[in-house]
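Before any comments, here is the structure.
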Amino acid sequence: MKQLRSFFSVVYLFALLWIGTLSTVVAQEFIGQHSSNYAGINRATFNPSAIAGTRYRYHINLLSFNTTVNNRYFKYFRSDALFHPFRNAYAESDMYGKSKLTGTLTQGNNVNVLAELRTPSGYVGVGKNNWLVVGFQTRLRGFVQGSGVPSAIFDAYKYRLDDGLTTASTGSFTNFTMSQHSFFETGLTVAAMPLRLDGLIRVKVGATIKRLSGARNVFLTIKNANYQVKPLNADEYVMELGNVSYEYGYTQPVQSFGLGSLFSSDYGSGTAIDLGATVEIGRIRQHAENQANYIARIGVALTDAGQISYPSTGKQYSGTLSKLTINQNQLIDIGNNSVKGLETILGTANAQNYSSSTALPRTLNVDADVQLAKSFFVNATWIKPTNVGSLPSHLAQPQVFSLTPRFEGEDVEFTLPVTWWEGNDKPTIGFSVRFGPAYIGFSNFGGLASKAVQPRGSLAYFGIQLWGLNDKKD
């Protein structure tokens, strides 16, 4: 499965990143499932107050995965990754053709790619009606972002340089930046329901305090360059860059990583906090006793307020090149080892120690959930970024609005989210399904099913969970 990272390779072209990781940035939520009353601890990442008053005695996320894909996505694991076993890269052989498998979520000159592994997490309810809930969260998060991405780079990503679909082009660009960031997150969530008036209103509040263990930050900035994409033969092209002014840096090269690394001074560290509140109003008569019963639910949360800081153990280089020629094999080499590839292709001029602080993608999350009939809901969600800055000193995401009809039950659930991403001309239509403990979903099923649908990128997620309902009726 050699394709999974043509994108990054190309980007690495200009190289940057690798990340033995994956990655966004965009809402790292399970679009569709994020609003479910049966999402359990996974809903707490969107709004920590949501789990207060839960009907579960306990809820455990065994494992869930969320990443961006396109319509020929095959995921595989490698052992030489920053966080074993994550890596979005080429395998040694091209088993599935030459299409790229990782897709950006937005169109235009910005790149948003993400991946997230939610490792075992859970919560338990305490007291009458589970008015107090205490939970823990663990997840590995990876982001690849770009700004000012020239069209030639996007074309190389879509078509590669060796598949016969690339077209000759010339031009110039300025201020092209790529950034990759990966980190591990452990969090303690506490949620409470201080007010409950049966049939009238329920008020919930919650917070998550997170310890961040940074793995690596890598960036590349090309301040200005001319480019020419030209054919070598009927199938192969090369990209020539001229008058290149560049700067790149990394906190550390890829190296072995274990549990002890989470608290090592050699890696980055930081803290973050999520805060949220939820109000549920009304009640439907003769409703099923084991299902959520409200007419309207409104939630507001501020998430990912924090940053990761790295010690000055990294390296940063800068310089100019009169000419640089890139072919597909070089892109693959760079993709498999970004730091070594960058140093080989761009050189190590003007070396300096590199330290950095990176702000997390702080967002304001607002959602309104209305139960139109028993077990049938319509949810409106707005995710608005609230941090301001430029790559690589901050992680950001596009503004997102989704409208999701949802049928939910304890054992079966189906959603049909329609999502508007900032930067895209048209909304994307996805779906998610849950049968018992397992669920799967996509934010842009049309992009996976048809090449004519743009953008091609989609969030894809799956997971397995365990739970136990209260023995006593609520």
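The values are calculated or read from the model by the stated rules, or taken from the named source; none is laboratory data. A quick note: this is a predicted structure, and the numbers were derived from the prediction, not measured. Cβ sites come from the backbone with ideal geometry, for glycine too, and all protein chains shown count toward neighbours. With ligands, DNA and RNA removed, areas are computed over all heavy atoms of the protein, side chains included. Shrake-Rupley method; radii C 1.70, N 1.55, O 1.52, S 1.80 Å.
Quick notes on this one:
- Some residue of segment 445-464 being modelled with pLDDT of 90 or more, out of contact with any Asp or Glu (no Cβ under 7 Å at 6 or more places or on another chain), outside any loop (DSSP other than H, G, I, E, B) and surrounded by 16 or more Cβ atoms within 10 Å (Cβ to Cβ): yes
- Residue list for segment 153-174, restricted to those being surrounded by fewer than 20 Cβ atoms within 10 Å (Cβ to Cβ) and closer than 19 Å to Asn243 by Cα: Ser169, Thr170, Gly171, Ser172, Thr174
- Some residue of segment 175-196 being open to solvent by 50 Å² or more (accessible area, probe 1.4 Å) and of a type in the set (Val, Ile, Thr): yes
- Qualifying residues in segment 302-324 (those that are more than 30 Å from Thr45 (Cα to Cα) and among the hydrophobic types (A, V, I, L, M, F, W, C)) - the one most open to solvent (accessible area, probe 1.4 Å): Leu321
- Any pair with Cβ under 6 angstrom, 6 or more apart, that starts in segment 288-311 at a residue that is under 22 Å from Ala368 (Cα atoms) and part of a strand (DSSP E or B) and ends at one that is of a type in the set (Lys, Arg) and open to solvent by 20 Å² or more (accessible area, probe 1.4 Å): Asp304/Arg362
- Residues of segment 377-406 that are in contact with a Phe, Trp or Tyr (Cβ under 7 Å, 6 or more places away or on another chain) and among the aliphatic types (A, V, I, L, M): Leu391, Leu395, Val400.
- All of (1) surrounded by fewer than 16 Cβ atoms within 10 Å (Cβ to Cβ); (2) in a strand (DSSP E or B) hold for Asp235 with one exception: (2).
- For segment 361-370, the condition of being farther than 23 Å from Asn424 by Cα and either touching a helix residue (DSSP H, G or I) at 6+ places or on another chain (Cβ under 7 Å) or acidic (Asp, Glu) (or both) holds for at least one residue.
- Restricting the first member to segment 388-417 and to residues that are under 19 Å from Ala460 (Cβ atoms) and among the aromatic types (Phe, Trp, Tyr), and the second to residues that are at pLDDT 85 or above and open to solvent by 70 Å² or more (accessible area, probe 1.4 Å), the beta-carbon pairs closer than 8 Å and six or more apart or on different chains are Phe414/Phe407.
- Filter pass, Gln371 being surrounded by 14 or more Cβ atoms within 10 Å (Cβ to Cβ) and more than 30 Å from Asp162 (Cβ to Cβ): yes
- Here is the figure for segment 263-287: residues that are crowded, with 16+ Cβ neighbours inside 10 Å and not in a strand (DSSP E or B) total 2.
- Those strands (runs of 3 or more DSSP E) of segment 326-443 in which 2 or more residues are under 27 Å from Ile298 (Cβ atoms) occupy 363-373, 376-385, 400-408, 412-415, 418-421, 431-435, 438-442.
- Count - residues of segment 197-232 that are open to solvent by less than 30 Å² (accessible area, probe 1.4 Å), among the basic types (Lys, Arg) and farther than 22 Å from Pro48 by Cβ: 1
- Filter result (open to solvent by less than 20 Å² (accessible area, probe 1.4 Å) and in a strand (DSSP E or B)) within segment 108-134: Val111, Asn112, Val113, Leu114, Ala115, Glu116, Arg118, Ser121, Gly122, Tyr123, Val133
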